[in-house]
């Protein structure tokens, strides 16, 4: 299957935040992420990059927030 891996860019580095994402929706500053058979997760972030060959999406949290919800 072709699920995506969500990476967060923080403090000059990248960390894997979520794997096996099947759906991504952007509503203003809120990004909704969904995995199979799970409720959506939200994060206030901007998309920096989407790599379709590697199935990754790089996000940067807005306001350098530490309260990223999973």
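Taken together, the values in this text are just the output of simple stated rules run on the coordinates, not laboratory data. These figures come from a predicted structure and were not determined experimentally. Note that we place each Cβ from the backbone using ideal geometry, even for glycine, and neighbour counts take in every protein chain shown.
Within the stretch 23-46, which residues are more than 18 Å from residue 61 (Cα to Cα) and either in a strand (DSSP E or B) or touching a helix residue (DSSP H, G or I) at 6+ places or on another chain (Cβ under 7 Å) (or both)?
Selection gives 23, 35.
If you take the residues of the stretch 30-50 that are surrounded by fewer than 13 Cβ atoms within 10 Å (Cβ to Cβ) and more than 20 Å from residue 14 (Cα to Cα), which of them is farthest from the chain's Cα centre (by Cα)?
Residue satisfying both the conditions and the ranking: 37.
Pick from the stretch 3-22 the residues that are free of Cβ contacts under 8 Å to residues at least 40 places away in the same chain and part of a strand (DSSP E or B): which of them is surrounded by the fewest Cβ atoms within 10 Å (Cβ to Cβ)?
Only one residue tops the list, namely 13.
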